[in-house]
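Peer 1: Here it is: the structure, laid out below.
No value in this document is a laboratory result; all are computed from the given coordinates. Note that the coordinates shown come from a computational prediction; the quantities given were computed from them, not determined experimentally. Methodologically, a virtual Cβ is constructed for each residue, glycine included, from the backbone with ideal geometry; neighbour enumeration extends over all protein chains shown.
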Amino acid sequence: MPRRHLLLAALSCATLTACGPSPDEPLKRWQVESADPVRGRQLMSQYQCGSCHLIPEVPGGGQRGPGLQGFGRRSYIAGQWPNTPETLQQWLRDPPAMQPGTAMPRLGVSEQDARDIAGYLLSLR
């Protein structure tokens, strides 16, 4: 009987370890549905995000706003909101609506542009 319990425990452990994501599988938190991160990087140049932020592969080198290196590892946006694709897209479209008085201006970013920019920013590890 104890042997049967040991076998059951071993099978349970093997089954549970197979339930989690593999180390190579991207976490859903970082995926932005129908985003084009390459286009997002290009858009950050177009919207001149580099004039205030230091951003990998985006011209400008601005230092007025926070650097965005490793943005995908950050827990919060503007120190207040969870760093999720949905919240980030909302922030990119209308920062003053989320944080009145913020130095980040409303740039007229469209929904698709916000999706692509979020895809790029969340890919920065």
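Peer 1: Provide the gained length on full extension for the span residue 80 to residue 48, in nm with one decimal, where the gain is 0.36 nm per separating residue minus the Cα-Cα distance.
Peer 2: Gain on stretching residue 80 to residue 48: 9.1 nm.
Peer 1: Once you list every other residue whose beta carbon is under 14 Å from the beta carbon of residue 53, what net charge do they have if Lys and Arg are +1 and Asp and Glu are -1?
Peer 2: +2
Peer 1: Considering amide H positions built from the backbone, and no H for Pro or chain starts, which residues 5 or more places from residue 83, or on another chain, come under 5 Å of its amide H?
Peer 2: When sequence neighbours closer than 5 places are left aside, the close amide H contacts are 76, 77.
Peer 1: Here is a further query. Going highest first, how would you order 113-123, 51-61, 69-79, 87-97 by mean Cβ packing within 10 Å?
Peer 2: 113-123, 87-97, 51-61, 69-79
Peer 1: For residue 113, what is the net charge nearby, where nearby means another residue's Cβ is under 14 Å from its Cβ and Lys, Arg count +1, Asp, Glu -1?
Peer 2: Here the charged neighbours net out to +1.
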